[in-house]
């Protein structure tokens, strides 16, 4: 990658900025514009973007936002960052219509090349082709190469704005934008702070624990692609403070790979990891706010985020993870998680329920089977001196910082003399900690709440043969409840992904128990019942659930379509029941 970028100067050519439209909102100046990226195959390429800054401001830090796949330049984010004292640019690298664009207004135009998602194979390609740059096998034929140029030109735009201090530039991006954040941070020394989220994780062409790699079909020389487009080769060249914002079950920025990539960053570079437990591609406010504070700390001299908590995994005879939170802010709590599933996307993270002894928090991590690996990490939650602002008028009064990632393979467990203890459990959840082992969608929306868990994929809570699923709850009024099972989520190496639904009527009033057998669930594609509980990766209990068709124009089928009546139900117990 050093050879790929050594001769490129993102400031060499004029920007030729074109103003499409300008307006003001709440003391913030917003510009819809586009700038010149460069000429590829003798045709010009242009990037559209939103740029915002507080009116009459000077000497502002700048922040560049790079959107994710299928998204577009984010007007909400540039307005938010401008309101917080930044000059903010959000580039529209994917070329989708700009928010609020009027007919005929200019948009991103890549000219003779196409690195957008209209050319998806180009993200894993080094071969020549009609929409690629070079006539021979070359890393410049990878979509990422062109988009990185477009984003680095965005930094050039920011540093040339009269209200921006060009020596204080930060970058952020989500998903594919997280990829770009790592690429740009590793190739452009003007970046003074960076925060990728659920993206930019390296080693995507490598297999782990015999599982298929994330990228299976690189078009062209695999080693050439790895050396020039592997995030693990950009990480050592990053000099800017780096915060990885992640979700513990993310399909894209996989947790294990994120830590492995971070381990290649020079130890002199400040670095943090922040992971939302149980989530895929989203976060809680206490994780999301860490990125805002990180940008403020390094661009505005704001509140210092606590250092990565120290942590130690002691294996014998029963593994224990010990964690010491960093000083700086009051500690609200510590959570220690562990799992035995090699698949980072599908694993259930058990909460080991940490206990405090002085400055140290620790938890035992009992294992039933020493033929499975052990993974562990901790989250430390700190109290903020005052609530920190988030986009869309949200805020958080606490912030999360994660520990480093710990892993022990079966050979290491056995060599250390770890003792297998415990067994499977029939009680899946007694809800004494509410939905702590679940991830919730639309939690504050009475008719649309959904609670999801991966607990059934864990051998400790996997459904026994012949068992029924029993939920004890109390609903104030009669209602319909939707149950959803998903098999082989992200595990196509194990079998086809299938989705099953069941609709249950609750009487309301008194505490009651609803029972579900396998035959009560019907597959959304062929109406068949699941064969057993062993392949279940996810369970959901919902007020309403929509089965979406992949066919365009087909309306979703709704399970438990009647609007939920009364307050949300109180869940008492979820368990497996066997016949007498």
Is segment 224-239 home to any residue that is in contact with a helix residue (DSSP H, G or I) (Cβ under 8 Å, 6 or more places away or on another chain), under 26 Å from residue 396 (Cα atoms) and crowded, with 19+ Cβ neighbours inside 10 Å?
no
Considering 57, 101, 49, 88, which residue is assigned to a loop (DSSP other than H, G, I, E, B) and either closer than 29 Å to residue 298 by Cα or not assigned by TED's automatic domain parsing to the domain that holds residue 234 (or both)?
57
For segment 355-372, which residues satisfy the criterion of being under 16 Å from residue 318 (Cβ atoms) and either in contact with a helix residue (DSSP H, G or I) (Cβ under 6 Å, 6 or more places away or on another chain) or buried (at least 22 other Cβ atoms within 10 Å of the Cβ) (or both)?
363, 365, 367, 370
Reported set for segment 529-540 where residues are touching a strand residue (DSSP E or B) at 6+ places or on another chain (Cβ under 7 Å) and without any contact (Cβ under 8 Å) to a residue 40 or more places away in the chain is 529
Checking the condition in a loop (DSSP other than H, G, I, E, B), under 28 Å from residue 414 (Cα atoms) and in contact with a strand residue (DSSP E or B) (Cβ under 7 Å, 6 or more places away or on another chain), which residue from 269, 265, 318 passes?
318
Residue count for segment 535-580, restricted to those that are in contact with a helix residue (DSSP H, G or I) (Cβ under 9 Å, 6 or more places away or on another chain) and part of a loop (DSSP other than H, G, I, E, B):
1
Check whether at least one residue in segment 154-162 is modelled with pLDDT of 95 or more, farther than 21 Å from residue 15 by Cβ, surrounded by fewer than 24 Cβ atoms within 10 Å (Cβ to Cβ) and over 21 Å from the mean Cα position of the chain (by Cα), and report yes or no.
no
Is it the case that segment 31-45 has a residue that's over 30 Å from residue 132 (Cβ atoms) and not in a strand (DSSP E or B)?
no
In segment 278-299, is there at least one residue being part of a loop (DSSP other than H, G, I, E, B), within 30 Å of residue 77 (Cβ to Cβ) and out of contact with any strand residue (DSSP E or B) (no Cβ under 9 Å at 6 or more places or on another chain)?
no
Residue within segment 439-450 that is touching a helix residue (DSSP H, G or I) at 6+ places or on another chain (Cβ under 8 Å) and surrounded by 15 or more Cβ atoms within 10 Å (Cβ to Cβ) present:
no
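The values are calculated or read from the model by the stated rules, or taken from the named source; none is laboratory data. Computed from a prediction, not measured in an experiment: that's the story for all the values here. So basically every Cβ, Gly included, is an ideal-geometry build from the backbone, and we count neighbours across all protein chains shown.
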